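Reading through the structure tokens given below for one structure.
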Amino acid sequence: MKKYTFTKKIDTRSGFGAGLAELGRTNENVVALCADLIGSLKMDEFKNENPERFFQIGIAEANMMGIAAGLTVGGKIPFTGTFANFSTARVYDQVRQSIAYSGKNVKICASHAGLTLGEDGATHQTLEDIGMMKMLPGMVVINPCDYNQTKAATIAIAEHQGPVYLRFGRPAVPVFMPENEKFEIGKAIKLTDGADVTIVATGHLVWEALQASEKLEEMGISAEVINIHTIKPLDEEAILESVAKTKCIVTAEEHNILGGLGESVARTLSLNSPVPQEYVAVNDQFGESGTPVQLMEKYKLNDIAIVAAVKRAIERK
């Protein structure tokens, strides 16, 4: 089995900042808007290099979405920046009516997603955002796994015509994906080959899935790990091809068990190839304050939980 290692940990929001800065140098139509969180979103470099293309909106997220929609009419490609909770729940009406309904070319970039925002607690964490955004017609939903993939995704979405929700996080996580790998929207990446179980993971849970696969190998269980960075459109072909071989699957995500990646996979399986499925996700509850590691342990969003889910899935075959 292929082994993945890392030499450093960097937060995925920094990957967004690096990608946005690169776009600022290569695409004159890219503009950026922020809701008073320039440092948190790592938008400083873009702002400093392109002051005429940066707009500080203040703590007025709904207004930011309306302005972004308007900017597209003149051919601009707006990237909005705030926390995931404020990019979705706080502004859902504006996103639906002003952006999604008319297919506006807005890139909604959302940091501090999931539980791993940490100590700020449930009011700032979001575990519902993937479900909310994937239900909007025409909305692409992307959740990359590390710094390199987040940077690549940020650059790639500027070329996509239409609204995109790009989700990333606050904590420093292992950097293990290739530095200059081209990001293909809707194309899953198989990280390891396996014969006994398929593990499809997204975001921070991809690294945990790889760690779980190594533990499973020591137990004599061969796991195929797939990085699902794009939740909508979902790479159904990659999933079905894998489960045709393994006959069972585990989905892993830092999101509510309802409405996220797991349910999208379940729909795909029920229509095409029903096999046992187990979920690693938050079990329909809000988060709380704590360090990212503490929260991942308490809510069972780590390699230990994935190994346990794999055992359950295999027993059901």
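The set of residues in segment 192-219 that are aliphatic (A, V, I, L, M) and over 15 Å from Lys300 (Cα atoms) comprises Ala195, Val197, Ile199, Val200, Leu210, Leu216, Met219. Tallying residues that are of a type in the set (A, V, I, L, M) and farther than 18 Å from Glu208 by Cα within segment 251-300 yields 6. Quickly run through segment 1-18 and pick out the residues that are in a helix (DSSP H, G or I) and under 13 Å from Pro144 (Cα atoms). Passing the criteria: Thr12, Arg13, Ser14, Gly15, Phe16. Those strands (runs of 3 or more DSSP E) of segment 160-243 in which 1 or more residues are at pLDDT 95 or above and small (Gly, Ala, Ser) occupy 172-174, 197-201, 223-227.
Residue pairs whose Cβ atoms lie under 6 Å apart, separated by 6 or more positions or on different chains, with the first residue in segment 166-184 and under 12 Å from Lys151 (Cβ atoms) and in contact (Cβ under 8 Å) with a residue 40 or more places away in the chain and the second surrounded by 21 or more Cβ atoms within 10 Å (Cβ to Cβ) and of a type in the set (Lys, Arg), are Phe168/Arg13. Looking only at segment 121-160, which residues are touching a strand residue (DSSP E or B) at 6+ places or on another chain (Cβ under 7 Å), touching a residue at least 40 places away in the same chain (Cβ under 8 Å) and more than 19 Å from Ala201 (Cα to Cα)? Residues satisfying the conditions are His124, Gln125, Met139, Thr154, Ile157, Ala158. With respect to Asp146, determine if the residue is in the same structural domain as Glu263 (by TED's automatic domain parsing) and among the acidic types (Asp, Glu). No: the conditions fail for Asp146.
Scanning segment 258-302 for residues that are of a type outside the set (Phe, Trp, Tyr) and outside any helix (DSSP H, G or I) yields a count of 23.
For Asp303, only one of the following conditions fails: (1) touching a residue at least 40 places away in the same chain (Cβ under 8 Å); (2) out of contact with any helix residue (DSSP H, G or I) (no Cβ under 8 Å at 6 or more places or on another chain). What is its number? Only one criterion in (1) touching a residue at least 40 places away in the same chain (Cβ under 8 Å); (2) out of contact with any helix residue (DSSP H, G or I) (no Cβ under 8 Å at 6 or more places or on another chain) is unmet by Asp303, namely (2). Scanning segment 61-100 for residues that are at pLDDT 95 or above and more than 17 Å from Met133 (Cβ to Cβ) yields Asn63, Gly66, Ile67, Gly70, Leu71, Thr72, Val73, Gly75, Lys76, Ile77. Contact annotation: residue pairs with Cβ atoms under 6 Å, 6 or more positions apart or on different chains, pairing a residue in segment 1-28 that is in contact (Cβ under 8 Å) with a residue 24 or more places away in the chain with a partner that is exposed (fewer than 13 other Cβ atoms within 10 Å of the Cβ), are Gly24/Glu49.
Kindly establish whether Gly103 is in contact (Cβ under 8 Å) with a residue 60 or more places away in the chain, touching a Pro at 6+ places or on another chain (Cβ under 8 Å) and surrounded by fewer than 19 Cβ atoms within 10 Å (Cβ to Cβ). Yes. Of the residues making up segment 191-203, not a single one is surrounded by fewer than 24 Cβ atoms within 10 Å (Cβ to Cβ), within 22 Å of Gly17 (Cβ to Cβ) and within 20 Å of the chain's Cα centre (by Cα). Against the list (1) outside any loop (DSSP other than H, G, I, E, B); (2) surrounded by 20 or more Cβ atoms within 10 Å (Cβ to Cβ), the condition Gln94 fails is (2). In the set Leu117, Leu37, Leu41, Leu71, only one residue is part of a loop (DSSP other than H, G, I, E, B), in contact (Cβ under 8 Å) with a residue 12 or more places away in the chain, surrounded by fewer than 23 Cβ atoms within 10 Å (Cβ to Cβ) and not β-branched (Val, Ile, Thr); that residue is Leu37. Take Lys2 and tell me if it is loosely packed, with under 13 Cβ neighbours inside 10 Å, among the charged types (D, E, K, R), within 24 Å of the chain's Cα centre (by Cα) and more than 26 Å from Gly118 (Cβ to Cβ). Spelling it out, Lys2 is indeed loosely packed, with under 13 Cβ neighbours inside 10 Å, among the charged types (D, E, K, R), within 24 Å of the chain's Cα centre (by Cα) and more than 26 Å from Gly118 (Cβ to Cβ).
The values are calculated or read from the model by the stated rules, or taken from the named source; none is laboratory data. The structure presented is a predicted model; accordingly, all values stated were derived computationally and were not measured. Note that each Cβ is placed from the backbone with ideal geometry, even for glycine, and that neighbours are counted across all protein chains shown.
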